[in-house]
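The values are calculated or read from the model by the stated rules, or taken from the named source; none is laboratory data. All values derive from a computational prediction rather than experimental measurement. Note that we place each Cβ from the backbone using ideal geometry, even for glycine, and neighbour counts take in every protein chain shown. We work out accessible area using only protein heavy atoms, side chains counted, and drop any ligands, DNA or RNA first. Shrake-Rupley method; radii C 1.70, N 1.55, O 1.52, S 1.80 Å.
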Amino acid sequence: MSPNPEVSDAGRTPALSLLEKKLDRGERLSAEDGLFLYREAPLPWLQSMAQKVRRNLHGEEAYFNRNIHFEPTNKCVYACKFCAFYRAPKATEADGAWDYSFEDLRRKLDAYPAGTLTEIHVTGGVHPDRGVEYGEALCAFIKSIRPELHVKAFTAVEITFFAKKSGVTLSEALDRLKRAGLDSLPGGGAEIFDPEVRKRIAGGKAPAHTWLEVHEAAHRLGLLSNATMLYGHVEEYRHRIDHMERLRDLQDRTGGFKAFIPLRYRNESNALSHIPEVAPEEDLRNYAVARLFLDNIPHLKAYWVMLGLDMAARALEYGVDDLDGTVDDTTRIYSMAGGMAHPQVTSAELGRIIRSKGRVPVERDSEYEKLGAV
Ligand code: V47
Ligand code: SF4
């Protein structure tokens, strides 16, 4: 009989049986193991193993939070080829560029009465005129009007630019932002760490070692962060494994990553639109391999805004334990690239989706403290 009752013996090769034993003993997978899983493992086997690992970590609970996004500007000094959101720094409103003021942000926050949100996620284009002083002022402004909100703000790419512009070190920039009210870092800007792939899709912006350095410095200052991986464009499986291995190594040193968020490449309105998007099965394979390979990052998040709610629900069956937040139609990074046009969902709806997969919905705060069942 199969040692794993959820997978039939049919199709199990000796190599898979060895990996199953390794995982059951809680042993770490090597890069070769990870590549083998991507290339050879049947999806039902991956699903069953990823679910087992997820269950050991989180039982049947699945998380979400109540958040909104604020994207101060889409003007950017870089021009990543996959980015549909980007506009040149000199672009005007007629070109689709925007530059929101702090008063715009106040109006936006005023639409959410106290108690309806726990987090604001701030990220945007890398504006040529903005250094760390801008980041400090923005964090301080949010805290001055909504002190209860967790401020998850600025990717490592934005922080690297702030530091350079203001002539300070990465640690100094982070320390100043923290003092001004920054609570954690989102996982964006990671894309794919491999230098050749990075050069092809995200030429010019902070290289892998700088992205990792920012997160390491943040963790040392007591700031938690997330990590993303943009997949399904020109990269190969070995690049995804290399990416996750670098994150796993850093996490061994600091323990500061809370969640890993795979981001499926969307191909509308960008310079790589000729590249077809991956099939849904590839997303599920990727979630499952990530759950098995990243043994030291506690949470695996499906970002429903980019996947659609149906796929995010399916991802809950492939190792995912977190569906991100209510978002409330406040991000354009994905709608401009082919994601949902008006990403909006209530906590009751997220709860229903989670329950439809036999799981227990739990509202969390930004540090994954449980706030209550829905
Ligand atoms: O770094 C941009 C990605 C990221 C496209 O930390 C695209 O909780 C796919 O990082 N197709 C920013 N992806 C968003 C992000 C994020 C989202 C949700 C939660 C968290 C978190 C972080 O969006 C960018 C880039 O990798 N992106 N364009 C595109 N065409
Ligand atoms: Fe700029 Fe970020 Fe878009 Fe790259 S992904 S062009 S850094 S806004």
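Within the set Lys199, Lys178, the sole residue that is away from ligand 1 (no atom under 12 Å from the Cβ) and under 21 Å from Ala140 (Cβ atoms) turns out to be Lys178.
Across the range 330-357, what is the number of residues that are part of a loop (DSSP other than H, G, I, E, B), open to solvent by 60 Å² or more (accessible area, probe 1.4 Å) and not aliphatic (A, V, I, L, M)? I'd like the intermediate steps shown before the answer.
Within the range 330-357, the subset part of a loop (DSSP other than H, G, I, E, B) is 330-334, 338-346, 357.
From the residues that got through so far, the ones that are open to solvent by 60 Å² or more (accessible area, probe 1.4 Å) too are 332, 341-342, 344, 346, 357.
Next, from what is left, pick out any that are not aliphatic (A, V, I, L, M): 332, 342, 344, 346, 357.
Number satisfying all stated conditions: 5.
Looking at the range 283-320 only, could you name the residues that are farther than 20 Å from Leu247 by Cβ and not aromatic (Phe, Trp, Tyr)? Show your work before the answer.
Step one: filter the range 283-320 for residues farther than 20 Å from Leu247 by Cβ, giving 284, 304-305, 307-314, 316-317.
If the condition is that a residue be farther than 20 Å from Leu247 by Cβ and not aromatic (Phe, Trp, Tyr), then Leu284, Val305, Leu307, Gly308, Leu309, Asp310, Met311, Ala312, Ala313, Arg314, Leu316, Glu317 are the ones that fit.
In the range 155-181, the residues that are closer than 21 Å to Ile120 by Cα form Cβ pairs under 6 Å with partners that are among the basic types (Lys, Arg), at six or more places apart or across chains, as follows: Val157/Lys205; Gly181/Lys143. For the range 317-325, indicate whether the set of residues that are farther than 23 Å from Gly372 by Cβ, in contact (Cβ under 8 Å) with a residue 60 or more places away in the chain, among the acidic types (Asp, Glu) and in a loop (DSSP other than H, G, I, E, B) is non-empty. Yes, because at least one residue in the range 317-325 is farther than 23 Å from Gly372 by Cβ, in contact (Cβ under 8 Å) with a residue 60 or more places away in the chain, among the acidic types (Asp, Glu) and in a loop (DSSP other than H, G, I, E, B). Among the strands (runs of 3 or more DSSP E) confined to the range 56-136, the ones with at least 3 residues that are modelled with pLDDT of 95 or more and out of contact with any Ser or Thr (no Cβ under 7 Å at 6 or more places or on another chain) are located at 61-65, 119-122.
Taking the criterion of being surrounded by 15 or more Cβ atoms within 10 Å (Cβ to Cβ) and in a helix (DSSP H, G or I), the only residue of the range 255-281 that qualifies is Pro280. Restricting attention to the range 196-208 and to residues that are farther than 16 Å from Ala156 by Cβ and at pLDDT 95 or above, the residue that is farthest from ligand 2 (Cβ to nearest atom) turns out to be Glu196.
Can you tell me which residues in the range 278-310 are at pLDDT below 95, out of contact with any Pro (no Cβ under 8 Å at 6 or more places or on another chain) and away from ligand 2 (no atom under 16 Å from the Cβ)? Spell out how you get there, then give the answer.
Of the range 278-310, the ones at pLDDT below 95 are 303-310.
This time we only want the ones that are out of contact with any Pro (no Cβ under 8 Å at 6 or more places or on another chain), so: 303, 306-310.
Once the filter is applied, which keeps residues that are at pLDDT below 95, out of contact with any Pro (no Cβ under 8 Å at 6 or more places or on another chain) and away from ligand 2 (no atom under 16 Å from the Cβ), the range 278-310 yields Leu307, Gly308, Leu309, Asp310.
In the range 220-239, the residues that are more than 10 Å from ligand 1 (Cβ to nearest atom) and open to solvent by 10 Å² or more (accessible area, probe 1.4 Å) reach residues that are at pLDDT 95 or above and in a loop (DSSP other than H, G, I, E, B) with C-beta atoms within less than 6 angstrom, at least six apart or across chains, in these pairs: Leu224/Gly256; Glu235/Ile192; His239/Ile192; His239/Asp194.
Which residue out of Val305, Val345 is free of Cβ contacts under 8 Å to residues at least 60 places away in the same chain, within 16 Å of the chain's Cα centre (by Cα) and more than 25 Å from Glu32 (Cα to Cα)? Step through it out loud before you land on a result.
On the way: Val345 fails: within 16 Å of the chain's Cα centre (by Cα).
After ruling out the rest, the residue left standing is Val305.
Annotation note: of Tyr100, Tyr134, Tyr112, Tyr78, the sole residue that is open to solvent by 50 Å² or more (accessible area, probe 1.4 Å), out of contact with any Cys (no Cβ under 8 Å at 6 or more places or on another chain) and among the aromatic types (Phe, Trp, Tyr) is Tyr100.
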